[in-house]
Amino acid sequence: MSRENGAVWDPAQYGVFGGERARPFAELVARLGGAEPARVADLGCGSGELTATLAARWPAAVIEALDSSPEMIAEARRHEIPGRLSFRVGDVTAWKPGGPVDLIVSNAVLQWVPGHPGLLPRWAAALAPGGRLAFQVPGNFGAPSHALLRELARSDRWRAKLGRLQEDAPVLDPAGYLDLLARHGYAVDAWETTYAQVLHGDDPVLEWVKGTALRPVLAALDPDETGEFLTTYRERLRRAYPAAPYGTVFPFRRIFVIATRNTT
């Protein structure tokens with residue numbers, strides 16, 4: 001999503017760790033096996049690089065991609081293929097397909113959508129028989145990167161401006177998503193993976209979070225406040241994620257779900 005609490009996506013900042021962010025998407029798509037979908041929707045496509053890999057994987061597919069961020073879509077349109085791959089600005093919560101789709105993909109988006117468990121059955125209902133809904137979301141909201149951010153935002157110094165910006169747990173666990181979609185009649189494959197990522201550079205965990213969870217916080221602060229907030233948060237992150245000679249270890253949990261509609 002693009003402007004949670006006034007925040008704007010920055011494709012360059014988000015892409016600083018592009019390789020690490022792309023890996024869960026690649027592993028989600030790999031789990032789909034040898035399917036050959038004819039019609040695909042990528043809901044929350046970001047800057048489009050990963051959507052373009054779907055066009056390469058399934059050259060006969062027609063792919064519709066949307067994201068609520070004009071900044072991201074402006075970047076994504078570099079990857080358009082007339083008649084095969086298109087990008088547009090749109091709200092994933094209001095998405096309605098023109099007809100049944102064979103595959104819906106949503107990559108690291110639903111954590112930004114309040115009440116998204118209620119949205120998933122509607123998305124799944126748009127699938128053609130045998131079609132699949134495949135998504136992944138971060139599951140690291142209990143990690144120090146997020147716990148420290150919530151703690152600081154809710155402190156006496158920042159509570160008035162920031163106290164409501166950070167949810168404790170905006171996603172379900174794999175069993176929660178399985179139960180939700182299985183009760184609607186879908187066959188569900190749900191799992192989780194924790195990546196022991198090694199990040200490089202100065203304060204790399206801070207740089208990572210600047211591209212995602214910090215955006216609403218920074219949008220709510222004026223420049224002087226931003227400097228003060230980041231100084232405190234940086235110091236806490238350095239203690240939680242100490243640098244080693246080979247880099248900084250940043251464990252990251254991801255939750256994956258593939259729900260398949262029956263063929264009848």
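The values are calculated or read from the model by the stated rules, or taken from the named source; none is laboratory data. It should be emphasised that the depicted structure is a prediction, and the values quoted were computed from it without experimental measurement. Note that we place each Cβ from the backbone using ideal geometry, even for glycine, and neighbour counts take in every protein chain shown.
Odds and ends about this structure:
- For region 214-225, the criterion of being within 22 Å of the chain's Cα centre (by Cα), at pLDDT below 95, assigned to a loop (DSSP other than H, G, I, E, B) and surrounded by 15 or more Cβ atoms within 10 Å (Cβ to Cβ) is satisfied by at least one residue.
- Members of region 61-82 that are without any contact (Cβ under 8 Å) to a residue 60 or more places away in the chain, part of a helix (DSSP H, G or I) and either among the charged types (D, E, K, R) or buried (at least 17 other Cβ atoms within 10 Å of the Cβ) (or both): I73, A76, R77, R78, H79
- Residue check: R21 meets all listed conditions (1) modelled with pLDDT of 95 or more; (2) not in a loop (DSSP other than H, G, I, E, B); (3) not small (G, A, S) but one, namely (1).
- Yes/no for A56 being in contact (Cβ under 8 Å) with a residue 12 or more places away in the chain and either at negative phi or touching an Asp or Glu at 6+ places or on another chain (Cβ under 8 Å) (or both): no
- Which listed residue, of P82, P117, is under 17 Å from the mean Cα position of the chain (by Cα), over 19 Å from P216 (Cβ atoms) and not acidic (D, E): P117
- Any hit, region 196-207, residues being without any contact (Cβ under 8 Å) to a residue 24 or more places away in the chain and over 20 Å from R254 (Cα atoms): yes
- Residue match in region 105-123 (condition: farther than 30 Å from Q166 by Cβ and among the hydrophobic types (A, V, I, L, M, F, W, C)): no
- Qualifying position, being surrounded by fewer than 20 Cβ atoms within 10 Å (Cβ to Cβ), assigned to a loop (DSSP other than H, G, I, E, B) and at pLDDT below 95, among A35, A12: A35
- The one condition in (1) farther than 24 Å from E167 by Cβ; (2) out of contact with any Lys or Arg (no Cβ under 9 Å at 6 or more places or on another chain); (3) modelled with pLDDT of 95 or more; (4) of a type in the set (S, T, Y) that T260 fails to fulfil: (2)
- The listed residue being at negative phi, out of contact with any Pro (no Cβ under 9 Å at 6 or more places or on another chain) and either part of a strand (DSSP E or B) or of a type in the set (D, E) (or both), out of A134, A124, A128, A147: A134
- When E235 is tested against the conditions (1) part of a helix (DSSP H, G or I); (2) in contact (Cβ under 8 Å) with a residue 24 or more places away in the chain; (3) not aliphatic (A, V, I, L, M), the lone failure is (2).
- Residue ID - farthest from I104 (Cα to Cα), chosen from residues in region 245-260 that are exposed (fewer than 14 other Cβ atoms within 10 Å of the Cβ) and touching a residue at least 40 places away in the same chain (Cβ under 8 Å): Y246
- In region 150-189, residue nearest to L206 (Cα to Cα) [restricted to those that are among the aromatic types (F, W, Y) and in a loop (DSSP other than H, G, I, E, B)]: W158
- The one condition from (1) surrounded by 19 or more Cβ atoms within 10 Å (Cβ to Cβ); (2) closer than 22 Å to N107 by Cβ that Y195 does not meet is (1).
- Test: residue in region 250-258 that is touching a His at 6+ places or on another chain (Cβ under 8 Å), of a type outside the set (F, W, Y) and under 30 Å from R122 (Cβ atoms): no
- Considering A220, A160, A187, A196, the condition of being within 30 Å of W123 (Cα to Cα), among the hydrophobic types (A, V, I, L, M, F, W, C) and out of contact with any Cys (no Cβ under 6 Å at 6 or more places or on another chain) is satisfied by A187 alone.
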